[in-house]
Amino acid sequence: MAKPTTPAQRRIIAAADPVTGRLTGTEAQLTALVRLQLAFRHPRPPHAYFLTPAGHRVRDEPVGTAPETAPVEPVAGVFAARTGTEEAPEEDGPSRAREVRGAWLGLVEMRRMTNPDGDKERPCAWERAHLPQAAAIALEAAGRVPARPSRAPARPGREGYRVTATEQPDAVAVREPTADGVRACATALERAGWQVSEHGEARTGRRYVLASPRRA
């Protein structure tokens with residue numbers, strides 16, 4: 001389904017911050033973009049408005065090709081972090097890469113806005129409340145690939161990272177098929193502000209990473 005956008009709305013989208021997607025405009029203009037599901041209002045003060053992944057796609061279209069209508073996606077589930085444990089295979093491609101980049105930049109901006117000292121290097125409360133999803137966003141944004149099930153019984157799935165909850169309330173486990181992959185995931189999470197430690201499974205000896213958001 002598509003809903004019409006006005007030239008003024010397209011100008012606001014085009015003028016969004018190139019990194020964070022933050023929007024400027026009147027309250028009425030920005031609320032209208034929210035109704036079109038091209039923007040969302042941050043739940044914390046100062047309640048700024050940012051582009052959704054659909055809004056980023058509209059902004060990234062070449063000049064002169066922007067349609068009079070903009071694709072609209074449901075607000076719930078616009079972006080889903082991939083932990084590598086999904087039962088159904090997901091499609092990859094340029095649009096996914098843009099969504100991942102937008103999700104990561106959104107997390108960084110949320111850190112700036114919600115951490116008391118505005119620290120963008122330290123995970124925020126949302127990440128600590130959504131550990132598997134937050135770790136998966138950090139990993140995929142760093143170029144790591146989530147595991148994917150096969151499309152058919154005769155076709156193997158794709159190897160990649162898997163993020164799972166643990167008995168520790170503030171930590172997730174990250175597994176990769178190879179030792180190099182495990183180390184690469186650990187490095188990616190460290191750079192994203194997580195504390196990591198490498199361990200071996202008692203029965204198999206396979207290495208995995210325990211990761212928790214850094215608090216200081």
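For the reader, a short list of remarks on this structure follows.
- Counting only residues that are open to solvent by less than 20 Å² (accessible area, probe 1.4 Å) and not in a helix (DSSP H, G or I), segment 90-148 holds 5 of them.
- Segment 19-61, residues that are open to solvent by 20 Å² or more (accessible area, probe 1.4 Å), touching a Lys or Arg at 6+ places or on another chain (Cβ under 8 Å), closer than 21 Å to ARG111 by Cα and modelled with pLDDT of 80 or more: HIS47
- A Cβ distance below 9 Å, combined with a sequence gap of six or more or placement on separate chains, defines the contacts here; from segment 40-62, residues that are among the small types (Gly, Ala, Ser) reach residues that are assigned to a strand (DSSP E or B) in the pairs ALA48/ARG22; ALA48/ARG41; ALA54/ALA70; ALA54/PRO71; GLY55/ALA39; GLY55/PHE40; GLY55/ALA70.
- Counting only strands (runs of 3 or more DSSP E) wholly contained in segment 164-216, the ones carrying 1 or more residues that are among the aromatic types (Phe, Trp, Tyr) and within 17 Å of ALA136 (Cβ to Cβ) occupy 194-200, 207-213.
- Filter pass, ARG144 being within 23 Å of HIS47 (Cα to Cα) and over 12 Å from the mean Cα position of the chain (by Cα): no
The values are calculated or read from the model by the stated rules, or taken from the named source; none is laboratory data. Owing to the predicted nature of the structure, the values given are computational and were not obtained by experimental measurement. A quick note on method: Cβ atoms are made from the backbone with ideal geometry, for glycine too, and the neighbour counts reach across all protein chains shown. To get the accessible areas, we keep the full protein, side chains included, count just its heavy atoms, and leave off ligands, DNA and RNA. Shrake-Rupley method; radii C 1.70, N 1.55, O 1.52, S 1.80 Å.
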